[in-house]
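I have placed the structure first, in the form of structure tokens, so that the comments after it can refer back to it.
Taken together, the values in this text are just the output of simple stated rules run on the coordinates, not laboratory data. Note that the structure is a prediction, hence the values are computed from the model and not measured. In this analysis, Cβ positions are derived from the backbone assuming ideal geometry, glycine residues included, and neighbour counts consider all displayed protein chains.
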Amino acid sequence: MNINLNNGKVTINGQTYTGNNIQINGDNVLVDGVQQSKSLVGDITVNIEGQVENLELNSGTVNANNVGSIETGSGDVRCGNVLGNVRTGSGDVDAKTIQGNVRTGSGDISRSFSKD
């Protein structure tokens with residue numbers, strides 16, 4: 001996973017990280033190039049607060065408000081406004097607005113997102 005954002009907060013499996021570039025490499029989390037002490041175990045759920053420029057995730061669920069573009073290999077995407085494209089190999093896409101293209105290999109696309 002690679003998230004480029006402008007000093008936002010990202011919560012991954014209940015642990016919150018703050019920075020401009022947050023990556024998952026195997027079971028390790030790196031924030032602005034620095035490896036964090038906790039390792040990831042199990043399914044990955046990513047909740048993002050802040051403006052995301054670009055998000056790439058191999059597998060897992062993504063929840064965000066404002067995103068430039070999103071690409072996942074497998075997992076659901078829930079977000080408010082997407083300025084670019086959303087692409088997921090397998091998973092549902094639920095967004096308020098998407099200004100670019102949406103592509104899912106297997107999943108539903110809906111416009112019913114609410115933050116609550």
Self-check item: Residue of Gly60, Gly42, Gly91 that the Gaussian network model of the chain assigns the largest fluctuation, springs spanning Cα pairs under 10 Å
Solution: Gly42
Quiz prompt | Contour excess over end-to-end distance, with Cα ends at Gln51 and Asn4 and 0.36 nm allotted per residue | solution = 16.0 nm
Self-check item: the chain, relative contact order in percent, only Cα pairs under 8 angstrom and at least six apart counted
Solution: 17
Quiz item: By how many nm would the segment from Gln99 to Ser39 grow when fully extended, if each residue of separation counts as 0.36 nm and the alpha-carbon distance is taken off?
Solution: 18.1 nm
Self-check item: Range in the chain, longest, excluding exposed trypsin sites (Lys or Arg not before Pro) [loop by DSSP; at most 15 other beta-carbon atoms within 10 Å]
Solution: 1-110
Exercise. Consider the candidate values (i) 13.2, 40; (ii) 18.9, 70; (iii) 13.1, 38; state which one is Rg and Dmax of the Cα atoms in Å computed from the structure displayed.
Key: (iii)
Self-check item: Amide H partners (placed H, <5 Å) of Gly107, local residues excluded
Solution: Gly91
Quiz item: Taking amide H positions as placed 1.01 Å from N in the peptide plane, with prolines and chain starts having none, which residues 5 or more places from Asn13, or on another chain, fall under 5 Å of its amide H?
Solution: Thr45, Asn47
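Return the FRET efficiency for the residue pair Asn25, Ser110: r is the Cβ-Cβ distance, R0 is 41 Å, and the value is rounded to the nearest 0.05.
0.80
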